[in-house]
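> Dropping a structure here in structure tokens format, bear with me for questions.
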Amino acid sequence: MFNRSHLLHHTIVLGILLLGIGFALLFSADKNFALIAIFATGIIYAAYGIVHHHIEHDLTVKIVVEYVLVALLVVALFLFVRGGL
């Protein structure tokens, strides 16, 4: 029912996302650094998710595609909100 490894996984993902948002806000005056922070967050999020599922032995192509598409969607949303490159 309650799985500590899932709690740890979700805490790490939350930390990755909060750090990424924090860096994007910290560097908001320099749009290039903010963009780098968002791209790095997306890459780290996708990589961590893929590695986590590999360790859990339930990695599939569907999961890889899902993580990559979610990361790309967030980057695209960021670009849209800030008005492009």
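The values are calculated or read from the model by the stated rules, or taken from the named source; none is laboratory data. No experiment lies behind these values; they were computed from the predicted model shown. No Cβ is skipped: glycine too gets one built from the backbone with ideal geometry, and neighbour counts run over all protein chains shown. In case anyone asks, the SASA skips ligands and DNA or RNA and just uses the protein heavy atoms, side chains included. Shrake-Rupley method; radii C 1.70, N 1.55, O 1.52, S 1.80 Å.
> Can you go through Ala24, Ala46 and tell me which one is surrounded by 14 or more Cβ atoms within 10 Å (Cβ to Cβ), modelled with pLDDT under 90 and either of a type in the set (Val, Ile, Thr) or assigned to a helix (DSSP H, G or I) (or both)?
Numbers: Ala46 fails: modelled with pLDDT under 90.
Selected residue: Ala24, the only one of Ala24, Ala46 that is surrounded by 14 or more Cβ atoms within 10 Å (Cβ to Cβ), modelled with pLDDT under 90 and either of a type in the set (Val, Ile, Thr) or assigned to a helix (DSSP H, G or I) (or both).
> Given the options Leu59, Leu72, Leu17, Leu35, name the one that is touching a helix residue (DSSP H, G or I) at 6+ places or on another chain (Cβ under 8 Å) and in contact (Cβ under 8 Å) with a residue 40 or more places away in the chain. Steps first, answer last, please.
Numbers: Leu59 fails: in contact (Cβ under 8 Å) with a residue 40 or more places away in the chain; Leu72 fails: in contact (Cβ under 8 Å) with a residue 40 or more places away in the chain; Leu17 fails: in contact (Cβ under 8 Å) with a residue 40 or more places away in the chain.
From the options Leu59, Leu72, Leu17, Leu35, the qualifying one is Leu35.
> Right, next: Is it fair to say Leu59 is surrounded by 14 or more Cβ atoms within 10 Å (Cβ to Cβ) and not in a helix (DSSP H, G or I)? Spell out the reasoning first.
On the way: surrounded by 14 or more Cβ atoms within 10 Å (Cβ to Cβ): yes; not in a helix (DSSP H, G or I): yes.
Criteria met by Leu59.
> Would you call Gly49 farther than 16 Å from Val75 by Cβ and of a type in the set (Gly, Ala, Ser)? If you could, list the steps in order and put the result at the bottom.
Details: farther than 16 Å from Val75 by Cβ: no; of a type in the set (Gly, Ala, Ser): yes.
Taking the combined requirement at face value, the residue does not satisfy it.
> Take the conditions within 14 Å of Val13 (Cα to Cα) and either within 13 Å of the chain's Cα centre (by Cα) or modelled with pLDDT of 90 or more (or both) and apply them to His57. Does it pass? Working first, answer last.
Details: within 14 Å of Val13 (Cα to Cα): no; either within 13 Å of the chain's Cα centre (by Cα) or modelled with pLDDT of 90 or more (or both): yes.
Spelling it out, it is not the case that His57 is within 14 Å of Val13 (Cα to Cα) and either within 13 Å of the chain's Cα centre (by Cα) or modelled with pLDDT of 90 or more (or both).
> Only one of these conditions is not met by Gly15: (1) over 14 Å from Val75 (Cβ atoms); (2) open to solvent by 70 Å² or more (accessible area, probe 1.4 Å). Which number is it?
(2)
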